[in-house]
Structure formats: C-alpha cells, structure tokens
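Have a look at the structure below, then the notes.
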Amino acid sequence: MLRGFYTATSGMIAQQRRQEALSNNIANANTPGYKADQPVVRAFPEMLMYRMGKQHVPIERPVQDPIGSLHTGVYVQENVPNYGQGDVRDTGNSTDLALRNESLPDETGSLFFTVQNADGERRYTRNGNFTVDGNGFLTTQQGYYVLDEAGAPVQTGGMDFDVTEQGVVQADGQATPLGIAYTDNANTLTKEGSGLFRGEAGGIPAGAGYTVRQGALERSNLDATQAMTQMMESYRTFETNQRVLKAYDKSMGKAVSEIARLR
C-alpha cells in the first residue's frame with residue numbers, strides 16, 4: 001500500500017513541474033524568438049514481481065515465478081524546447097531582425113544569431129529585437145554585442161543602416177556579414193534565459209538556407225490555445241492523483257484503526 005502513496009505523489013509532482021513549464025511558456029507568448037518548452041514525462045523503471053515458493057523434495061531450494069510488472073510512478077525528466085519556426089511580423093523598426101529558416105539539412109538543425117554575453121562568451125539567440133548602443137554597436141536589449149562572422153561586435157555607426165536578406169549589414173560604406181550560426185542538433189543547446197542558448201554551433205553547411213528580414217521580428221512559436229488545453233489536462237491529472245492519494249490514506253486509516261484492532 002505504501003507504494004501507492006509514492007506512485008500517486010510522484011504523479012502529482014510531475015504534473016506540478018509540467019504546470020510550471022506550461023506557465024512559463026504562456027508568460028513568454030509575446031517574447032520574440034521564444035521557443036516553447038515541451039516537458040518530457042518518463043516512468044520510473046518497472047519492477048518485476050515474483051511469487052516465492054518451494055519445489056517438492058528432493059529439491060528444496062526456493063524458486064521464483066514471475067507474476068507481472070509493477071509501475072512505480074513518473075517524473076519530468078527534462079524540458080525540451082521546440083525549435084520550430086515562429087511567425088514573422090513587421091515592426092517597422094530598423095534594428096529589428098527576423099531570422100527565417102528556408103531549408104535545413106538536418107531535421108533537428110536550427111539557425112541562430114551569435115551574440116556575446118557579459119562574460120565575453122558566445123551565445124546564440126533567435127530574438128532579433130536588437131538596438132544600437134551609444135558607441136554605434138548592434139546589441140541585444142540586455143546590452144550584449146551582436147557578433148559578425150569573424151566574432152567581432154557589429155558596428156553600425158547609428159540607427160541608419162541596412163541589412164540584406166543574406167544577413168549583410170551595410171553602413172558607412174562597409175558591408176559586415178552577421179554571424180549566423182548553425183547546429184545540426186539544437187536539442188544539445190541549453191537555455192540560459194533572456195532568449196540565449198549555450199552550446200556548440202558553427203558555420204552554415206551546404207543545404208542550409210535562410211533569410212534575414214529587417215524591420216521584422218520572429219514571434220514565439222507557442223500555440224497558446226494548445227498550451228491552455230495542456231494546462232487544464234495537467235490540472236485534472238493532478239486532481240486525479242490527489243484523489244487516489246486520499247483513497248490510500250483512507251484505506252491506511254482503516255487498516256490502523258479497524259483491521260488491527262484487538263477484540
């Protein structure tokens with residue numbers, strides 16, 4: 001009976017973690033370039049139950065007869081981002097850039113802008129809601145430099161610059177290609193917050209096509225209607241496990257107060 005407590009409790013905890021991930025998705029529904037997390041719920045390893053017994057003489061050693069498997073609950077193993085392309089909308093702001101995947105050679109591949117965080121390390125983002133700082137460098141809203149192909153900060157000289165569909169920044173008579181990075185398996189990247197991803201990404205391979213659209217932003221790829229439906233489903237599953245837990249508690253109370261009573 002105690003296993004029932006653990007199984008029901010693990011189900012409640014898993015649904016709580018799922019609710020947290022879904023709530024975070026909905027909170028970022030309007031964040032440019034946001035990639036919705038998909039909670040992965042896994043079952044704990046199954047246990048195979050045996051019936052213990054003895055063979056007839058002259059063999060006296062115990063034997064084990066399998067009678068079936070026993071499930072021991074579930075848990076949220078990880079939150080896997082969905083790297084699907086979000087819708088692109090016009091903003092009219094020259095510093096906004098939308099990166100659109102045209103063709104990817106790998107099913108799990110994805111393209112990113114390359115930026116430099118406060119520690120000088122490379123990070124990747126799909127959030128093209130950029131701005132220009134007081135020194136004329138293209139930066140994120142957090143002040144992180146947007147990098148070019150050579151890994152140097154992109155200098156625009158001000159708000160008056162153009163970006164071609166190939167991702168080339170044209171300003172003051174100079175052409176600077178943006179540092180567009182590609183990874184063949186985006187699931188190896190780790191979210192860091194502020195729309196940044198940490199991991200390994202490199203140059204554009206053959207067969208990978210993209211366009212950069214100035215004055216536009218990629219929207220979050222979250223399906224808000226689906227997320228709300230999943231939240232309701234998760235909440236009802238939580239309640240179901242809660243009722244199971246109460247039933248086990250009631251049965252345990254009877255076992256203690258009635259069955260074990262000496263007369």
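Annotation note: Cβ proximity below 8 Å between a residue of region 182-201 that is outside the structural domain of Phe113 (by the TED database) and a residue that is surrounded by fewer than 21 Cβ atoms within 10 Å (Cβ to Cβ) and part of a loop (DSSP other than H, G, I, E, B) (sequence gap 6+ or interchain) occurs for no pair. The C-beta contact set for region 1-27 (first residue without any contact (Cβ under 8 Å) to a residue 24 or more places away in the chain, second residue open to solvent by less than 30 Å² (accessible area, probe 1.4 Å) and not hydrophobic (A, V, I, L, M, F, W, C), distance under 8 angstrom, 6+ apart or interchain) comprises Asn24/Asp37.
Can you pull out the residues in region 124-135 that are open to solvent by less than 20 Å² (accessible area, probe 1.4 Å) and not in a loop (DSSP other than H, G, I, E, B)? It would help to see each step written out before you state the result.
Our first condition is that a residue be open to solvent by less than 20 Å² (accessible area, probe 1.4 Å); within region 124-135, this holds for 124-126, 128, 130.
Once the filter is applied, which keeps residues that are open to solvent by less than 20 Å² (accessible area, probe 1.4 Å) and not in a loop (DSSP other than H, G, I, E, B), region 124-135 yields Tyr124, Thr125.
Among all positions in region 168-178, there is no residue which is buried (at least 20 other Cβ atoms within 10 Å of the Cβ) and not in a strand (DSSP E or B). Residues of region 148-161 include at least one that is among the charged types (D, E, K, R), surrounded by fewer than 17 Cβ atoms within 10 Å (Cβ to Cβ) and more than 29 Å from the chain's Cα centre (by Cα). In the set (1) surrounded by 17 or more Cβ atoms within 10 Å (Cβ to Cβ); (2) over 22 Å from Ala29 (Cα atoms), Arg213 fails one condition alone, (2). Taking region 139-160 as the range and being at pLDDT 95 or above and among the hydrophobic types (A, V, I, L, M, F, W, C) as the test, the residues that pass are Val146, Leu147, Ala152, Val154. Within region 79-103, count every residue that is among the hydrophobic types (A, V, I, L, M, F, W, C) and either open to solvent by 60 Å² or more (accessible area, probe 1.4 Å) or over 20 Å from Val168 (Cα atoms) (or both). Residues in region 79-103 being among the hydrophobic types (A, V, I, L, M, F, W, C) and either open to solvent by 60 Å² or more (accessible area, probe 1.4 Å) or over 20 Å from Val168 (Cα atoms) (or both): 1 in total. May I ask you to list the residues in region 202-217 that are in a strand (DSSP E or B) and touching a residue at least 24 places away in the same chain (Cβ under 8 Å)? Selection gives Gly209, Tyr210, Thr211, Val212, Arg213, Gln214, Ala216, Leu217.
Scanning region 216-241 for residues that are surrounded by 15 or more Cβ atoms within 10 Å (Cβ to Cβ) and polar (S, T, N, Q) yields Ser220, Asn221, Gln230, Ser234, Thr237, Asn241. When the test is whether a residue is in a loop (DSSP other than H, G, I, E, B) and without any contact (Cβ under 8 Å) to a residue 24 or more places away in the chain, Gly92 does not pass it.
The values are calculated or read from the model by the stated rules, or taken from the named source; none is laboratory data. Just so you know, these numbers come straight off a predicted model, no measurement behind them. Here the Cβ is made from the backbone with ideal geometry for all residues, glycine too, and neighbour counts use every protein chain on show. Surface accessibility is based on the protein's heavy atoms, side chains included, excluding ligands, DNA and RNA. Shrake-Rupley method; radii C 1.70, N 1.55, O 1.52, S 1.80 Å.
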